[in-house]
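What follows is a set of notes on a single structure, which appears directly below.
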Amino acid sequence: MIVLEYQPTITPGLDAEITKTFHGELKKQGLKIEAGTKVLSGEKTSNGIKIKTETVKGGKAQTYEADAVLIATGRRPYSEGLCLEKLGIKVDKQGRVETNGKY
């Protein structure tokens, strides 16, 4: 599993020592972190998904192939105007999608 992150770290608000330890633990679990990387495009292929990236500094290009992609952006919900209620999706007062608490 690979995490592509635009920021220099996946935990920008944490202390540097904690971040280093956390990244080390994730790597032990088999997670590869590519920080300082921006995603340029994603394309569905017959084998899955092809993701084209480049480094934020220097612009070094890289291509990844994956079975699935999870995209997580931002720190606040942008659900207004998506007509989620028409799909039966409930949101709270802050616009976050309500869950059953199991996640």
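The values are calculated or read from the model by the stated rules, or taken from the named source; none is laboratory data. Not measured: the values here are computed from a predicted model. A quick note on method: Cβ atoms are made from the backbone with ideal geometry, for glycine too, and the neighbour counts reach across all protein chains shown.
Among all residues of segment 28-35, there is none that is more than 14 Å from the chain's Cα centre (by Cα) and aliphatic (A, V, I, L, M). Search segment 1-47 for residues being of a type in the set (A, V, I, L, M) and part of a loop (DSSP other than H, G, I, E, B), and hand back the single one that is surrounded by the most Cβ atoms within 10 Å (Cβ to Cβ). The selected residue is Ile10. Kindly indicate the residue of segment 54-103 that is loosely packed, with under 10 Cβ neighbours inside 10 Å, part of a loop (DSSP other than H, G, I, E, B) and among the hydrophobic types (A, V, I, L, M, F, W, C) and also modelled with the lowest pLDDT among those meeting that condition. Within segment 54-103, the match that is modelled with the lowest pLDDT is Ala72.
Is there a residue being in contact with a helix residue (DSSP H, G or I) (Cβ under 7 Å, 6 or more places away or on another chain) and among the aliphatic types (A, V, I, L, M) anywhere in segment 79-94? Yes: segment 79-94 contains one or more residues that are in contact with a helix residue (DSSP H, G or I) (Cβ under 7 Å, 6 or more places away or on another chain) and among the aliphatic types (A, V, I, L, M). Take the conditions modelled with pLDDT of 95 or more, within 28 Å of Pro12 (Cβ to Cβ) and either under 17 Å from the mean Cα position of the chain (by Cα) or surrounded by fewer than 10 Cβ atoms within 10 Å (Cβ to Cβ) (or both) and apply them to Ile51. Does it pass? Answer is yes for this residue. Pairs are defined by a Cβ separation below 7 Å, a sequence spacing of at least 6 or placement on different chains, a first member in segment 26-39 that is touching a residue at least 60 places away in the same chain (Cβ under 8 Å) and acidic (Asp, Glu), and a second member that is in a strand (DSSP E or B) and surrounded by 11 or more Cβ atoms within 10 Å (Cβ to Cβ); no pair meets this definition.
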